[in-house]
Each structure stands twice: as structure tokens, then as C-alpha cells.
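Working notes, structure below.
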């Protein structure tokens, strides 16, 4: 075999290998929805933990941040024991709700003192509105809301709003648990960091 033939053979082998490696593989496509967090850094379900709030009949029941009403639509953020919790992530100091690749909605913090004894409520909206001076961040696994130099210390309250719908509320100053409310901390245990 001449040198030219050997080079041609090696080039064709290299070309074939390059094409074979470049063709996408769809291994694990059945599990794609469970690994959607790889699409957006830090995306995942947010688990709500509270004293005596995660047990039913003596068994641990995980509770997650969820939405009142239809998924992918604006509404109150609440805590439920859904088997398929919605996805959330923090980007640019803003908490976002990921519905699908075309619907990503902001989680807004709204002043609710006009109609309630609870100061700030979490609501998913079509656009950013509500309190503009706050920001979201992670402290370890715990989700924390900051406003100026105050913070909620990662504490949230699940309560009925004035319309009778469940909602998630927070204070930026220490306060006792409001009557009829359940206290929670919110965590992401599947974030990359």
C-alpha cells in the first residue's frame, strides 16, 4: 500500500469517525423532563420545610412551592404536596417560574398591607411588578429575600389571602407567626450550587 493510499485511508477513517461523533445521541430522552435543570443553571423544584407541616399520619410528605390555578398562568405562589412541582430558578436577583421553553414568568413580591395584615405576598405575574427594591439569593440551600438592608431570613408563611385563596407571604423584619398560618423555609436540594 502506497503512502498516498495510507493517507487516504486514514483521512476517510478520521472523516467517518468525526461524522459518527457529531451525530446527536438521544439516550435518556425519556428522562429529559426530569433533568430540565440542565437547561437553566440552578433550576429545580423548591421544597418547603416546616415544623410539623411535612407530616401526615406520622409519615413525611414533601411539600413544594406551587401555583394556585393553572400551571403557566399568573397566580398566587403557595405550598402544596404536588407530585410534579413546578420549576423555579434565580437569575439576576429575580426569582423566575419556568413553565416551558416559551413561558418563563417572574415571581413578584407585592405589598399586601392594603388588604391584609401580612405585608408581602409572592405572586407569579406576566411581567415584573410589585416591590422593585428587593432581590433573591441563595444562602446554602435556602431561598432568601432581601429588601434594602433587611431580609426575611429565609422564613415564609403559608396563609389564606383576603380572597380565601392560599398564598405565600413574608416579612422583612422578625415577626411572630400570624394566626392561621404555617411557617416554612424554602430550599433547593438539586441546584448545582
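Want the number for residue 127 to residue 103: 0.36 nm per residue separation, take away the alpha-carbon distance, what's left?
Values: separation 24, 0.36 × 24 = 8.64 nm, distance 1.13 nm.
Result for the pair: 7.5 nm of gain on full extension.
Each label was represented as a point 7 Å from its Cα along the Cα-to-Cβ direction; for residue 166 and residue 153 these points are 2.5 nm apart. Summarising the label geometry, the points placed 7 Å from Cα in the beta-carbon direction at residue 60 and residue 84 lie 2.5 nm from one another.
No value in this document is a laboratory result; all are computed from the given coordinates. The model shown is predicted, which means the values in this text are computed figures rather than measured ones. In this analysis, Cβ positions are derived from the backbone assuming ideal geometry, glycine residues included, and neighbour counts consider all displayed protein chains.
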